[in-house]
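K.L.:
One structure, as structure tokens, below. Some questions next.
The values are calculated or read from the model by the stated rules, or taken from the named source; none is laboratory data. Quantities reported herein were computed from a predicted structural model and do not represent experimental measurements. With ideal geometry, Cβ positions are generated from the backbone for all residues, glycine too; neighbour counts draw on all protein chains shown.
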Amino acid sequence: KSHVTSEQVNKAVQELEQLAQKKIQENAVPGLAIVIVFQDKARYANGFGVRDVNTKAPVDADTVFQLASVSKPIGSTVVAALVGEDKITWDSKLSVLDSTFAMFDPWVTREVTIRDMYAQR
């Protein structure tokens, strides 16, 4: 069961659109795409700004950015530091670390580990 309501999702969409436009106007980023998935459905998908500053090609919901996958290396470095400090292990269950964590399947919610998530299994 989701801990987030449909109303909260709708409010977040409005706030994200305003934030996205503000950051583009401030020249913080040339473009970005936002997708919100709620209750297993894409509730919102939109692009803002440009994907290429030279061609001015617009960003849309289907834009594939020319960017290496950097979130996993950064995240895993943080996790590795916590493992090194004996605060967690690679086999720590996410449901133990965060009681609000939930996936579609209750068994997976209960059993999935940090290792599972980084191995994408």
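K.L.:
Output the residue which, of all residues in region 26-58 that are hydrophobic (A, V, I, L, M, F, W, C) and assigned to a loop (DSSP other than H, G, I, E, B), is modelled with the highest pLDDT. Give the derivation first.
P.N.:
Initial filter on region 26-58 (hydrophobic (A, V, I, L, M, F, W, C)): 28-29, 32-38, 42, 45, 48, 50, 53, 57.
Checking which are assigned to a loop (DSSP other than H, G, I, E, B) leaves us with 28-29, 53, 57.
Working: Ala28: 77, Val29: 86, Val53: 89, Ala57: 93.
Ranking the qualifying residues of region 26-58, first place goes to Ala57.
K.L.:
For region 93-114: of the residues being among the acidic types (Asp, Glu) and surrounded by 10 or more Cβ atoms within 10 Å (Cβ to Cβ), which is farthest from Lys41 (Cα to Cα)? Walk me through it before giving the result.
P.N.:
Quick first cut of region 93-114, residues among the acidic types (Asp, Glu) only: 98, 105, 111.
Now restrict to residues that are surrounded by 10 or more Cβ atoms within 10 Å (Cβ to Cβ): 105, 111.
On the way: Asp105: 16, Glu111: 24 Å.
Out of the qualifying residues, it is Glu111.
K.L.:
Could you tell me whether region 15-25 includes any residue that is in a loop (DSSP other than H, G, I, E, B) and either under 19 Å from the mean Cα position of the chain (by Cα) or at pLDDT 90 or above (or both)?
P.N.:
Start the filter on region 15-25 by keeping residues that are in a loop (DSSP other than H, G, I, E, B), which leaves none.
No, the conditions are met nowhere in region 15-25.
K.L.:
For region 6-49, enumerate the residues that are exposed (fewer than 14 other Cβ atoms within 10 Å of the Cβ), free of Cβ contacts under 8 Å to residues at least 24 places away in the same chain and in contact with a helix residue (DSSP H, G or I) (Cβ under 9 Å, 6 or more places away or on another chain).
P.N.:
Within region 6-49, Ala28, Val29 meet the criteria.
K.L.:
Tell me whether region 79-92 contains one or more residues that are closer than 24 Å to Lys41 by Cα, aromatic (Phe, Trp, Tyr) and either more than 17 Å from the chain's Cα centre (by Cα) or not assigned by TED's automatic domain parsing to the domain that holds Lys41 (or both).
P.N.:
Looking only at region 79-92, we keep the residues that are closer than 24 Å to Lys41 by Cα, and these are none.
No, there is no match, as no residue in region 79-92 is closer than 24 Å to Lys41 by Cα, aromatic (Phe, Trp, Tyr) and either more than 17 Å from the chain's Cα centre (by Cα) or not assigned by TED's automatic domain parsing to the domain that holds Lys41 (or both).
K.L.:
Tell me, please, whether a residue that is farther than 29 Å from Glu7 by Cα, touching a strand residue (DSSP E or B) at 6+ places or on another chain (Cβ under 7 Å) and exposed (fewer than 11 other Cβ atoms within 10 Å of the Cβ) can be found in region 53-74.
P.N.:
no
K.L.:
I'd like to verify a number: residues in region 63-121 that are part of a helix (DSSP H, G or I), under 30 Å from Phe48 (Cα atoms) and in contact with a helix residue (DSSP H, G or I) (Cβ under 9 Å, 6 or more places away or on another chain), how many?
P.N.:
Qualifying residue count, region 63-121: 5.
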